Amino acid sequence: MPEVQSFAERLMQNIERVIIGKRATVELAVVSLLCQGHLLIEDVPGVGKTMLARSLARSLGCSFSRIQFTPDMLPSDVTGVSIFNQVTREFEFRPGPVMAQIVLADEINRATPKTQAALLEAMEERTVTVDGITRGLPVPFVVLATQNPIEYEGTFPLPEAQVDRFLLRLRLGYPALDDEVAVLERQNFRHPIQDLAQVVSLEELLWAQEAIKNVYAAPALKRYIVEIARQTRAHGEVYLGASPRGSLALYRTAQARAALQGRDYILPDDVKYLAVPTLAHRVILGPGARLRDLSAEQVVDEVLGIVPAPGGDPTGGAARRAEQATARS
């Protein structure tokens, strides 16, 4: 997959002109984009959550909108509203900010559950329904949501059904000392986001999103992915484990990461690398885990230590060639 690797490298290098010293985080954002998934960025204010979303949109040349969620926001403020035109005597649809290719849902947990639910259809079906009329969203459509994990006053925790629709959850974290100094120097006169240009085309993105689906996963690796998800459900400290959507998320993201590494097959290391970002936010802990100060990330790490990684040839060898021959016939 050298073409996908080249595409992703151009994209990541451009984003890193703004997001300094966070290569792993930028890579996960690109993985989410290639999988046509949505991203939940959970971190403290000021570490670059909004800049990551804006940099991604500018690098792709996509339309971008920002929704600043507040407790008094209504669902129609997100999806749009029909307004009666007294001249034409007809209702006209005024699209909301969700009708963009890259949507930044800033501080999503500040909105009421009713407004949060307005995003559910958009995130899963890529459509919005207003006044009984369903309208398609642009392609690509990606929601990048942010929330502050340490501020709870005036917030409404995301329901499990909505959290499950985010492909990945990631944290930027504070930059290293030298990286923070570089941030000061680069923003001495103007913000680098102002000079960020488009580096890949929409056609290249759509091609790359289709190309990663051809990355091969050996049957043993598919069972490995499913077994990891199943073990989160069987864990003694877990109230609700990862859903089958979580298994699919881990599979798709492993395909994308393999392509970013220039491979057309998945390795167990790809699965291990992506297990926490794809599964931890789907795991609901029981009361005992809170008493033990056990986090969902630690549970997923424990599961990775329990489930043995498969051996054998990950490239598929003869079995893969037989599958391809059957498909061609």
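Structural remarks
- Helices (runs of 4 or more DSSP H) enclosed by the range 213-308 - at least 1 residues per element that are touching a Pro at 6+ places or on another chain (Cβ under 8 Å) and of a type outside the set (Asp, Glu): 219-234, 244-260, 268-279
- Qualifying residue in the range 32-42 (condition: more than 29 Å from GLY246 (Cβ to Cβ), outside the structural domain of LEU279 (by TED's automatic domain parsing) and out of contact with any Ser or Thr (no Cβ under 6 Å at 6 or more places or on another chain)): no
- Enumeration of residues in the range 261-287 that are of a type in the set (Phe, Trp, Tyr) and either outside the structural domain of GLU297 (by TED's automatic domain parsing) or more than 14 Å from LEU304 (Cα to Cα) (or both): TYR265
- Verdict on PRO71 being touching a Lys or Arg at 6+ places or on another chain (Cβ under 7 Å) and not in a helix (DSSP H, G or I): yes
- The set of residues from the range 281-322 being under 20 Å from THR25 (Cβ atoms), modelled with pLDDT of 90 or more and crowded, with 20+ Cβ neighbours inside 10 Å comprises HIS281, ARG282, VAL300.
- Within the range 1-48, if we keep just the residues that are among the small types (Gly, Ala, Ser), outside any helix (DSSP H, G or I) and touching a helix residue (DSSP H, G or I) at 6+ places or on another chain (Cβ under 8 Å), the residue that is farthest from LEU196 (Cα to Cα) turns out to be GLY37.
- Just one residue in the set GLY96, GLY136 is without any contact (Cβ under 8 Å) to a residue 40 or more places away in the chain and crowded, with 16+ Cβ neighbours inside 10 Å; that residue is GLY96.
- Identity of the residue in the range 208-227, among the basic types (Lys, Arg) and over 19 Å from the mean Cα position of the chain (by Cα), that ends up surrounded by the most Cβ atoms within 10 Å (Cβ to Cβ): LYS222
The values are calculated or read from the model by the stated rules, or taken from the named source; none is laboratory data. A quick note: this is a predicted structure, and the numbers were derived from the prediction, not measured. Please note: Cβ atoms are built from the backbone with ideal geometry, for glycine as well, and neighbour counts cover all protein chains shown.
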